[in-house]
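Read-outs: derived from the displayed coordinates by stated rules, not from any lab. Computed from a predicted model, the values in this text were never measured in an experiment. No Cβ is skipped: glycine too gets one built from the backbone with ideal geometry, and neighbour counts run over all protein chains shown.
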Amino acid sequence: MALSPVRHVPYEAKTVNIRVYSYEGMNIVGAINNTELKTDYAFSNLTEMVFQIESILDNLQFPQVTFDLRTFDDQKKTSNYHFTTDENSSKKTIASFRLNVMYRQNASWQGDIFYIDENKTAKFRSLLELIHLLDSVLRK
């Protein structure tokens with residue numbers, strides 16, 4: 001397996017900012033952005049948020065995935081989903097986070113998340129652990 005050439009990705013580009021507008025019935029609604037995006041993108045559920053972040057990471061090619069994800073169809077996975085521009089940017093934010101995905105190994109993410117509102121940082125070893133961290137803040 002040939003190694004890809006290492007390219008420099010600025011720290012700010014690796015960071016995804018998450019604004020949460022609501023968490024009713026454990027359904028997360030909000031918007032994401034980073035310096036590579038020209039606009040904020042809205043999400044109306046957890047799956048949409050995860051696919052948006054995955055798409056950003058794929059476009060940056062950082063961190064690189066360790067293997068291709070499996071799908072039920074034989075076509076190669078594409079991360080070019082259509083995302084909605086956030087038109088609710090003036091909406092009240094109930095929580096803000098800064099997400100750094102350092103690795104994408106074992107079909108999951110590893111990194112750290114900074115809870116901006118309370119100046120707290122936590123590391124996560126999987127996407128499921130990240131979801132539990134988000135839930136621990138948003139359920140309050």
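Using volume of the Cα convex hull per residue in Å³ as the read-out, say which of (i) 170; (ii) 106; (iii) 129 was calculated from these coordinates. Given (i) 170; (ii) 106; (iii) 129, the calculated one carries the label (iii).
The length gained on full extension between residue 84 and residue 128, counted as 0.36 nm times the residue separation minus their Cα-Cα distance, comes to 13.4 nm.
Tell me the chymotrypsin sites (Phe, Trp or Tyr not before Pro) within the stretch 25-77 that lie in a loop according to DSSP and have at most 15 other beta-carbon atoms within 10 Å. Of the chymotrypsin sites (Phe, Trp or Tyr not before Pro), the ones in loops of the stretch 25-77 whose Cβ has at most 15 other Cβ atoms within 10 Å are 67, 72. Over the residues of the chain, the helix contribution to mean residue ellipticity at 222 nm works out to -6500 deg cm²/dmol, using -39500 (n - 2.57) for each DSSP H run of at least 4. Taking Cα atoms only, the orientation of helix 46-60 departs from the longest principal axis of the chain by about 50 degrees. First check a/c for the stretch 79-140, with a ≥ b ≥ c the square roots of the eigenvalues of its C-alpha gyration tensor; if it is under 1.5, answer rounded, and if not, answer prolate when a/b is larger than b/c or oblate otherwise. Oblate.
Relative to the longest principal axis of the Cα atoms of the chain, helix 127-138 runs at roughly 10 degrees.
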